[in-house]
1. In deg cm²/dmol and to the nearest 500, what is the mean residue ellipticity at 222 nm of the chain if only DSSP H runs of at least 4 residues count, each as -39500 (n - 2.57), divided by the residue total?
2. Which one of ALA267, THR139, PHE198 has its Cα pushed farthest toward the positive end of the charge dipole of the chain, where Lys and Arg give +1 and Asp and Glu give -1 at the Cβ?
3. Return a whole-number percent for the relative contact order of segment 106-216, with Cα pairs under 8 Å and 6 or more residues apart as the contact set.
4. Give me the Å³ per residue figure for the convex hull around the C-alpha atoms of segment 213-331.
5. Using the Kirkwood formula on the Cα atoms of the chain, what hydrodynamic radius do you get, in angstrom to one decimal?
6. Report the relative contact order of segment 183-254, percent, no decimals, based on alpha-carbon pairs under 8 angstrom and at least 6 residues apart.
7. In nanometres, what is the gap between the two model label sites at LEU273 and GLU98, each 7 Å from Cα along Cα-to-Cβ?
8. Distance in nm between label sites at GLU324 and ALA203, each 7 Å beyond Cα in the beta-carbon direction?
Amino acid sequence: MTLREVAKEAGVSTATVTRVLQNSPRVVPETRTRVMDAVKRLGYTPNPMARELRHGRPAGAVGLVTAGFTNLFQAGVAAGAERELRGAGLQLLIGSTEDDPAREPELARAMVDRRVSALMMMPDGDERGFLAPEHLFGTPVVLVGRPANGLAADVVMTDDDRAVEEAVAGLVDLGHTRIAVLAGRPDSFRAQQRLAGFHAGLARRGVTADAGLVVAGLTSSGQARAAMAGLAALPAPPTAVLALNLGISTGVLLDRIAGQRRYAFIALDEHDLSIGLGVSAIVRDPQEIGRHAARLAIERISDPARPARTVTLPSTVVRRGTGEIPVGAAQ
């Protein structure tokens, strides 16, 4: 039995059914009675924990679906979210798709079956239909790092495209016109967003992109190292490299060290090693992203009828030396 069928039986919208099930004060008594009568007739079972925080009984859990447990950035998001939720008396349940977007609906439903009070999603795919209220029994959804794509959900984003554009423009200002860019899966929103920033940065300085220097579809540091070997073998190798996720950045850094190369290099995200080696990077604060996502979930549980919000956090270009090598000094 779905939320949609309850709405049809009661002659109201699915949003109205969700408000009734979450005890929103915006629903008039007559409509509330009609919806609850339909719920009883159809035997619909809503999520019993969704109203706990609102009624001063902060018990239960919030789910987080990520791409993987080994990703340092996503681990940081989880840590920030857990700290915020703990302060509200909520636990964090985490599920991993193991970089398989096809598993996202399965994990989302598994979280709902465990009666989470809200669901935070870090999806790789573009599909959002499985997150509609009628499929999740009215469970609130917060999207982390991805757009809503028409879904009425809260969103936490980072402006990676703007930061990538700034980084590329800075490389061109140092004389670099042969800038290689290494990106993740081409169907990933993040890869598309960052590549858009790359092309915008070149266009901003009047430089035409060389398609042979754009390498996408990389999913591991090993693949990034292999891609760098191919780029180094070109008749005119790149003088600067931009890596567009943490795994790719690690592969490029290893290539740079092993080959004793001196091309200009800007990573995306960082870890202790890259910081210690002075790698310039486009940096986001994963724990702050997690905290904001958790706050949106808590607010949505407390006030399910409020309008959906999008929070955009900054990405920052941190200059440590590798991204500031002028073209004449690059090798």
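The values are calculated or read from the model by the stated rules, or taken from the named source; none is laboratory data. This is a predicted model, so every value here is computed, not measured. Neighbour counts run over all protein chains shown; Cβ positions are idealised from the backbone, glycine included. Areas reflect the complete protein model, heavy atoms only, side chains present, ligands, DNA and RNA absent. Shrake-Rupley method; radii C 1.70, N 1.55, O 1.52, S 1.80 Å.
1. Taken over the chain, the calculation gives -12500 deg cm²/dmol.
2. Farthest towards the positive pole: THR139.
3. 23
4. Value for segment 213-331: 126 Å³ per residue.
5. 21.4
6. 39
7. 2.4
8. 3.0
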